[in-house]
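One structure below.
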Amino acid sequence: MSRDKLLAGHAIRRLRRRHGLTQAAMAEMLAISPSYLNLIERNQRAVPAGLLVTLADRFDFDPRVLLAGEPGGGAEAIRRRLADPLFADLEVDRSEVEEWLAAAPGGAEAFARAFDRGQGGAAAPVLDDPAITVRREIERWRNHFPDLDAAAETLADELRLVGADLYGALVERLRVRHGLAIRILPVEALPDHLVRVDLHARQVQLAERLVPWSRTFALAVQCGLIEARAEIDALVRGASLDRVAERLFRRHLSSYFAAAVMMPYARFLRACEASGYDLELLQRRFGAGLEQVAHRLTTLQRVGARGLPFFLLRVDRAGQVSKRFAGASNTPLLAGETRCPLWRVHHAFDRPGSVVPQLLELEDGARWFTLAVAVAGAAIGAGANRVESAFAIALGVPAEVAGSVAAARGLDLTGAATPVGLGCRGCHRMACPQRSAPPAGRAMLVNERERAISGWTFAGD
């Protein structure tokens, strides 16, 4: 089914019930047949553009709500949760998930909330994890916020009229329009911070250890908090979050805006397509850091001007995940807290400055082209006590669309691929030399007269 088709039966059903209407009554208001409305509510028909306009006119609501309101983030997000080892023996397929969403969207949303609160079947914490809550909200929007992109492009065009130096233009804008001066402070003055806003002194204080693109990004964030406040407030209000999650979401949105100022949508997409999504070239052309460019690649989903559906994962040397954006990729590779050791994400730490490409194949036959690269983060201390953060960024797209990616040139995207799983507890491949645990839900087999490639053997299907 085309990704451009809008299946929003659950949202239309909620809208109808909120107004206390039967299907027949609502169908009459929309000038369609009750049977057609029934098909739409069961997600067996897409919502035509004309009907979308009529809905917005008759019921006075923002039609973009239909795009952002899929229960649990939609079918692919539900499937990622079901990929958890806790459900390994159930083998719920895509059609079952889609039927569930169509027949009982409230139940699917309830499952998603309960799963996220329990973080994959663990004991449920007393309070929701705000990071998980915000990630779900970002996932609902597929990390694409059209209003922020539009506002950022307008600002970027205005700043280009001031001069080619984006940092200097932002300094001038904050000073002239908002009465904020910029100060670069030594480490001694900002030992534990990179950015601080002193409203009493009307200053944006930047740590001297910030690299140039991070300084530009910090000032663009401040512009976003002021000039895109209405757009950000609307998105935050629509999310219905608690105070901590709201602040986290607001920070994500202001960072999204800043990246969109540095890499305006239309210009950035043109550069991506012309260069084959060449990370190094994009960094140089837009004066951005590698991680900033990688983030931006996950947001290119403007209707009528879509980029490739990249996903992003950021891990540290211990394998802990600190960022994950599925974008429009719908990949299961981001599910859970453990990664398959055959996925060479961590190899990037041993090859600083180099891109590590890899072709992967999951158990269901889905193939992904990924590339990993190491990035350095903030540092504290000096000399022998200096501690510098380091992360590996993994980007990936479906193999069938990776032919235009510069890093994939020369690779046979239909040839041999590395067989990977969703972590050992969620993987059912028998002869894996890297297996460290049997899959959940499968009985272990122990034979004193045999020793298999894997130290863990288990019953098959």
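All of the numbers you see were taken from the coordinates with simple rules; none came from a lab. Values in this document were obtained by computation on a predicted structure and should not be read as measured data. Using ideal geometry, Cβ is built from the backbone for each residue, glycine included, and neighbour counts are taken over all protein chains shown.
Between ALA201 and ALA49, the modelled labels are 5.3 nm apart [label points 7 Å from Cα along Cα→Cβ]. Shown is the FRET efficiency for ILE226 and ALA131, computed with R0 = 35 Å from the Cβ-Cβ distance and rounded to the nearest 0.05: 0.85. Computed from the Cβ-Cβ distance with R0 of 25 Å, the FRET efficiency linking ALA390 to ILE453 stands at 0.15.
If you take the beta carbon distance between VAL244 and VAL321 as r and set R0 to 22 Å, what does 1/(1 + (r/R0)^6) give as a FRET efficiency, to the nearest 0.05? After rounding to 0.05, the efficiency reads 0.65. Here LEU248, LEU199, LEU21 are placed in order of increasing Cβ neighbour count within 10 Å, fewest first, which gives LEU199, LEU21, LEU248. Helices in the chain, meaning DSSP H runs of at least 4 residues, each add -39500 (n - 2.57). Divided by all residues, the mean residue ellipticity at 222 nm is -12500 deg cm²/dmol. Footprinting exposure proxy ranking of ARG324, ARG177, fewest other C-beta atoms within 10 angstrom first, gives ARG177, ARG324. Classified by the C-alpha gyration tensor, the chain has an oblate form. Its axis ratio a/c, with a ≥ b ≥ c, is 1.5 or above, and a/b does not exceed b/c. Between ARG175 and SER436, the contour length at 0.36 nm per residue exceeds the alpha carbon distance by 88.3 nm. Helices in the chain that qualify as membrane-span-like (whole DSSP H runs, Cα extent of at least 24 Å along the helix axis, mean Kyte-Doolittle hydropathy of 1.6 or higher) do not occur. Looking at the chain, the DSSP beta bridges with both ends there are about 80 percent antiparallel. With the convex hull constructed from alpha-carbon coordinates only, region 189-231 shows a mean projected area of 3.6 nm² over all directions. In terms of its Cα atoms, region 146-262 spans 40, 35, 25 Å along the principal axes, sorted from long to short.
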